[in-house]
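Shown next, in structure tokens, is the structure this report addresses.
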């Protein structure tokens, strides 16, 4: 059973979507996942100076930033670290990234990987995997 949603920032959480929504669709999905009882995390290859934007405040259980932890995607250790920080097994996490190489790294670590190509296809896949509605 999947218990956690782990998202990349640039290219995923920032994707404005196809339908001009009020906020990026995966930000809405993050909020709905949290309301649905899932644990949530941001996993970014940003440097140590970068901080998650204020809009994510209260929506994340964990933020794992490469520049802070000395690991980077697609190294399996960064996915394992993220799962550990969330208090779940890697196989209980679904990870979303716009770069296939990073999705493969997550899968190698035991996570369920979703390659983000469009907000619509990603949300459809996540709703099936997580069995909750992630759109307004």
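None of the figures in this text is laboratory data; all of them are computed from the coordinates on show. Every value quoted in this text rests on a predicted model; they were computed, and no experiment measured them. In this analysis, Cβ positions are derived from the backbone assuming ideal geometry, glycine residues included, and neighbour counts consider all displayed protein chains.
Could you run the Debye sum over the Cα atoms of region 18-64, one equal point scatterer each and no solvent, and tell me log10 of I(q)/I(0) at q = 0.14, 0.15, 0.17, 0.19 Å⁻¹, two decimals?
-0.38, -0.44, -0.55, -0.67
Could you please rank 12, 114, 62, 69, placing first whichever residue has the fewest other Cβ atoms within 10 Å of its Cβ? Provide the component values of the computation, followed by the final result.
On the way: 12 25, 114 22, 62 18, 69 15.
The fewest-first ordering by Cβ neighbours comes to 69, 62, 114, 12.
Kindly put 79, 9 in sequence by how many other C-beta atoms sit within 10 Å of each C-beta, fewest to most.
9, 79
How do 119, 76 rank when sorted from fewest to most other Cβ atoms within 10 Å of their own Cβ?
Ranking 119, 76 by Cβ neighbours within 10 Å, fewest first, gives 76, 119.
Give the relative contact order (percent, whole number) for the chain; include only Cα pairs under 8 Å separated by 6+ residues.
Here the relative contact order equals 28 percent.
Rounded to the nearest 0.05, what FRET efficiency do residue 68 and residue 20 give with R0 = 30 Å and r taken as the Cβ-Cβ distance? Could you check? Display every interim value, and only then the final one.
Values: r = 34 Å, r/R0 = 1.14.
E between residue 68 and residue 20, to the nearest 0.05, is 0.30.
Starting from the coordinates of the alpha-carbon atoms of region 4-130, obtain the Kirkwood hydrodynamic radius over all distinct pairs and give the value in Å to one decimal.
Result for region 4-130, one decimal place: 14.2 Å.
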